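Working notes, structure below.
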Amino acid sequence: MMDTLLQDLRYALRTLAKTPGFTLGVVLTLALGIGANVAMFSILDRMLFRPPPLLRDPGAVHRVYLARRYRGEEFSNSAMQYARYTDLTNWTSSFARTAAFTEEDIAIGVGTDAREMRVGIVSASFFGFFDAPPALGRYFTAAEDTPPNGTPVAVLAFAFWQTRYGGRNDVLGSTLQIGPSVYTIVGVAPEGFFGLWPTQRPVAFIPVSCHASAWAAMRLRNESWWTTYQWTWMSMLVQRKPGVSLAGATADLTNALLKSYTAQLATSPGMTPLALARPRGIVASVLSERGPKESSFAKVATWISGVALIVLLIACANVANLLLARVLRRRREIAVRLALGVSRVRLLSQLFTESVLLAVLGGLAGLLVAEWGGAVLRAQFLAKSSDVSVMGDARTLLFGGVAALGAGLLSGLAPALVSSHTDVAGDLKAGAREGTFQRSRLRIALLVLQGALSVVLLVGAGLFVRSLRHVQVIPLGYDVDPLLFVELNLRGVRLDSARNVQLRQELLDAAQGIPGVEFATRQVTVPFWGSWNQTLYVAGIDSTNRLGEFYLNAVTPDYFATLGTRILRGRGVAAQDGAHAPGVMVVSDAMAKTLWPGRDPIGQCVRVGADTAPCRYVVGVAENIKSQKLGDDPGLFYYLPAAQWHPQDGGLFIRTRGEATPQVETIRRRLQQNMPGASYVTVTPLRDILGQQTRSWQLGATMFLAFGALALALAAIGLYSVMAYNVSQRTQELGVRAALGAQQRDLVRLVVTEGLTLGAAGVAIGVVIALAGGNWLGPLLFQESPHDPLVFGFVTAVLLGVTGLASFVPSRRAARVDPMVALRYE
């Protein structure tokens, strides 16, 4: 068997070496298809299937989600308060261990060496979930992670230890400033340990208690963060006990959550009643993108992986067409070999060996495509994942090998079918081209399949492009491109309330004096970044919570000019709305219509936070804004003067002349001059914040277009090759037609019509598939029908146009056939 295999390999190599152009074309075609699939597998595997490295018993480890109903719809997320985490830990019996965790970009180091890096904020029990003994020193203990303050100790990630400290053992006991606190290094995690964040790798791990106490101190808040339900900021990891089912663990968790929610109601009577909220716990995948439900981003990634598979099928069909053409040209040679005694099994073995060898070469080239070109995809799907490699990952390499083998077998199937039905006697007697056209029907079927699959991809691309267009033109109620968000990071600099207010005023004055800045304003919340809501009390309404969630912002007089939000009635926040002036507010148009339908909102009294709070009188109505989601955001929003609401909190919005992004560094450097001590500012374009909301549609449009264009190009090449081959096989027939009086335009029309017929058949089949698949794609679109006639019409026109062009070139050759030469062709 080995001798036979080696003989077949040598024969295939000699055969392919004789036609380098053909070999190169096939290898490149397969490389594109295989490379696209390997790149998408490396992404999808990490997002939805691969457990975090070194995780112990991954089948029993879960992330906890909390769900509750609001206006008849259930919402769930993994964020919770530390008090909730304590309740769920104490009041459940299904879990062998639990842990609290979150991650955040925090400034590490001091002075000019300070850089924001990813930090894992975890409870001491977190490390027990992993089979990862420390490479040096130890992990921090439960005693060092006890509220309210804990002990400021840190565990370094292995890579950070190597790059920052050169892998020195004397790092233990040294100190490192992380955020506002100075931590003592007590250990180094082993190589390959990244916690739950293999693609957003932390450089250090610190105790939950230390981070929370520092955060609370910076904001001068006196509440007990570990016993109250005010600060929602962390998540919970659990491991089921042996023998405990997923359903049993979920029921146990829900019972504990009901007790915890009841305890919270005792301290927060304005909350939604238990019977309406109907909270429940969910024990879900440890991978955040899977969640209780796959995120829209993960769904888009799954669809794009399917698109990549379609591209591979088109590539295989194209290669099968090319191999089939070779078999048809070699039919007399094959007949001779069969007549000399070669078995059909051995002949098929040689043909499959040739196609598999081509696929292996295409697979190797595809790995290079996935490594280099796939880096762009990984940067889009996996944040901060530049170190994710294809070549160094065994799972991805195995998938690449399977994809190459599958592509080789699929590509070789059509030639094998034709060869297995070879008529030895007929082919030995036949002319070089006699009867070949009949045997090309399989090539035509493959061509129609390519066209149909191309239609599916192009329809998907068109639908995502339309969705993205809808997103881009949706009225937000504020401008985006000229706006910058300035966030203050005090890093432990202790300022009293008066100095905090003074610092923010200094920054506001400095910002307004920077060349290129039109307006600047204070704020405490940012659309799609952070929100703040308080219970409102309005005369005549028993509970405003039943009407929706009302979000607030505290702003200075230039806020509406800065953001470009229009005042529809009354006025905005003014300079006279100081700390000792009467309380005022500006409400959105949606909020005014919700609270006072059919009445004038101006002058109405609203109490914020408590029914004993002083009245705040409505002085203006602003246009609605999108702050929570781009879809059906109810727009229940109101604005308070910054001087009257937490004047020591918040940052700035800055409006620049022209696009804001190029001016980020200039503005940051100027504002940094006003920051005391080790504190600093970060400046973020509002476009970057909004981009996180539009990311799935942007990605879907980009990838569907890229893969659709690739599929269209492959289909066009396949159509051209089939038409060119058919013209060459029909030289005698076309010569007879010319001799009988057919004009050149008649011959051109004959060939082009045949090509358009094939293209129309592919379009018809593709449209049917796309219409059927639209029901699954629809939920990922934004205000776009999956059966949009404009998209289907445009795709049909494009494919038929490409078909006509690909057919026209061979038709010109047909028109130039010399009848005398054609009649003597045999």
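The values are calculated or read from the model by the stated rules, or taken from the named source; none is laboratory data. Predicted model, so just to flag it, every value in this text is computed and none were measured. Every residue, glycine among them, receives a Cβ derived from its backbone with ideal geometry; neighbour counts consider all protein chains shown. When the accessible area is computed, the model is the full protein with side chains, heavy atoms only, and any ligands, DNA or RNA have been set aside. Shrake-Rupley method; radii C 1.70, N 1.55, O 1.52, S 1.80 Å.
Using 1/(1 + (r/R0)^6) with R0 = 51 angstrom and r between the beta carbons of GLU659 and ASN169, what's the FRET efficiency to the nearest 0.05?
On the way: r = 50 Å, r/R0 = 0.98.
Here the calculated transfer efficiency is 0.55.
Tell me, what is the percent relative contact order of the chain, built from C-alpha pairs under 8 Å that lie six or more residues apart?
Contact order relative to length: 15 percent.
Mean Kyte-Doolittle of at least 1.0 and a Cα length of 30 Å or more along the axis: which whole DSSP H helices of the chain meet both?
Helices passing the filter in the chain: 20-44, 296-329, 344-372, 394-420, 441-473, 744-777, 789-815.
Based on Cβ point charges of +1 for Lys and Arg and -1 for Asp and Glu, what charge dipole magnitude is obtained for region 99-228 about its Cα centre, in debye rounded to the nearest 20?
Once rounded to the nearest 20, the dipole reads 140 debye.
What is the gain in length, in nm to one decimal, between GLN162 and ARG441 on full extension, counting 0.36 nm per residue of separation less the C-alpha to C-alpha distance?
Taking 0.36 nm per residue and subtracting the Cα distance, the gain is 94.2 nm.
Provide the solvent-accessible area of PHE782, counting protein heavy atoms only and rolling a 1.4 Å probe, rounded to the nearest 10 Å².
20 Å²
Distance from a point 7 Å along Cα→Cβ of ARG278 to each backbone N in region 58-82: keep the residues under 11 Å and list them by number.
Counting only backbone N, you get 68-75.
Would you calculate the separation in nanometres between label points at MET1 and SER93, each defined as 7 Å from the Cα along the Cα-to-beta-carbon direction?
Calculated label separation equals 5.7 nm.
What Cys residues in the chain are without a partner cysteine, judged by a Cβ distance under 4.7 Å?
CYS210, CYS316
Protein chains only, probe 1.4 Å: how do THR15, THR562, THR232 rank by accessible area, largest first? All intermediate terms of the calculation are to be shown ahead of the outcome.
Working: THR15 20, THR562 0, THR232 75 Å².
Heavy-atom accessible area, descending, gives THR232, THR15, THR562.
With all distinct Cα pairs included, what does the Kirkwood hydrodynamic radius of region 669-795 come out to in Å, to one decimal, could you say?
Radius from the Kirkwood sum: 20.2 Å.
Express the carbon and sulfur contribution to the solvent-accessible surface of region 515-634 as a percent, rounded to the nearest whole number, probe 1.4 angstrom.
Roughly 49 percent, rounded to a whole number.
Within 10 Å of each candidate Cβ there may be at most 15 other Cβ atoms; applying that plus a DSSP loop requirement, which trypsin sites (Lys or Arg not before Pro) in region 1-106 survive? Write down the numbers at each step before the final one.
On the way: sites: ARG10, ARG14, LYS18, ARG46, ARG56, ARG63, ARG68, ARG69, ARG71, ARG84, ARG97; in loops: ARG56, ARG71.
Sparse-neighbourhood loop trypsin sites (Lys or Arg not before Pro): ARG56, ARG71.
Which percentage, to the nearest 5, of the DSSP beta bridges contained in the chain is antiparallel?
Of all bridge pairs located within the chain, approximately 80 percent are antiparallel.
What are the principal axis extents of the Cα atoms in the chain, in Å, biggest first?
Projected onto the principal axes, the Cα atoms of the chain cover 106, 64, 54 Å.
Using θ = phi - 60° and the Karplus relation 6.51 cos²θ - 1.76 cosθ + 1.60, list the HN-Hα couplings for region 67-72 in order, rounded to whole Hz, with x at every Gly or Pro.
Each residue's phi maps through the Karplus curve to give 10, 8, 9, 8, 6, x Hz.
Want the number for ALA772 to CYS615: 0.36 nm per residue separation, take away the alpha-carbon distance, what's left?
50.8 nm
If you rank PHE519, PHE637 by how much accessible surface each has, with a 1.4 Å probe, what is the order from largest down?
Ranked from most to least accessible, the order is PHE519, PHE637.
Given R₀ = 41 Å, what would the calculated FRET efficiency be for LEU348 paired with ARG395, taking r from the Cβ atoms and rounding to 0.05?
Efficiency for this residue pair is about 0.80.
Okay, which of region 263-304 sit inside 19 Å, backbone N to the point 7 Å along the Cα-Cβ direction of LEU246?
Residues passing the 19 Å test: 280-296, 298-299.
If one computes P(r) from the Cα atoms of region 175-322, what percent of pairs lie at distances over 27 Å? Before the final figure, lay out the partial values.
Working: 5831 of 10878 pairs.
Distances greater than 27 Å cover 54 percent of the Cα pairs.
What whole-number distance in Å separates the alpha-carbon centres of region 174-234 and region 16-77?
31 Å
With θ taken as phi - 60° and the coefficients 6.51, -1.76 and 1.60, list the Karplus ³J(HN,Hα) couplings across region 190-196 in order, rounded to whole Hz; mark glycine and proline as x.
x, 4, x, 9, 10, x, 9
Just to verify a number: FRET efficiency for ALA579 and ALA114, C-beta to C-beta distance, R0 = 30 Å, to 0.05?
0.30
Can you tell which of GLY766, PRO810, ASN169 lies farthest toward the positive end of the dipole of the chain, using +1 and -1 charges on the Cβ of basic and acidic side chains (Lys, Arg; Asp, Glu)?
The residue sitting farthest along the positive end of the dipole is PRO810.
Summing +1 for each Lys or Arg and -1 for each Asp or Glu, what net charge is found among the other residues whose Cβ lies under 15 Å from the Cβ of THR535?
For residues surrounding THR535, the net value is 0.
What are the ³J(HN,Hα) values, in whole Hz, obtained from phi via the Karplus relation 6.51 cos²θ - 1.76 cosθ + 1.60 with θ = phi - 60°, for each residue of region 551-559 in sequence order, with x given for Gly and Pro?
Working through the residues one at a time gives 9, 10, 9, 10, 9, 9, x, 7, 4 Hz.
Could you report the chain's accessible area per residue, 1.4 Å probe, as an integer in Å²?
It amounts to 43 Å² per residue over the chain.
Can you give the helix-only mean residue ellipticity at 222 nm for the chain, where every DSSP H stretch with n ≥ 4 adds -39500 (n - 2.57) and the sum goes over all residues, rounded to the nearest 500 deg cm²/dmol?
Dividing the helical sum by the residues of the chain leaves -16000 deg cm²/dmol.
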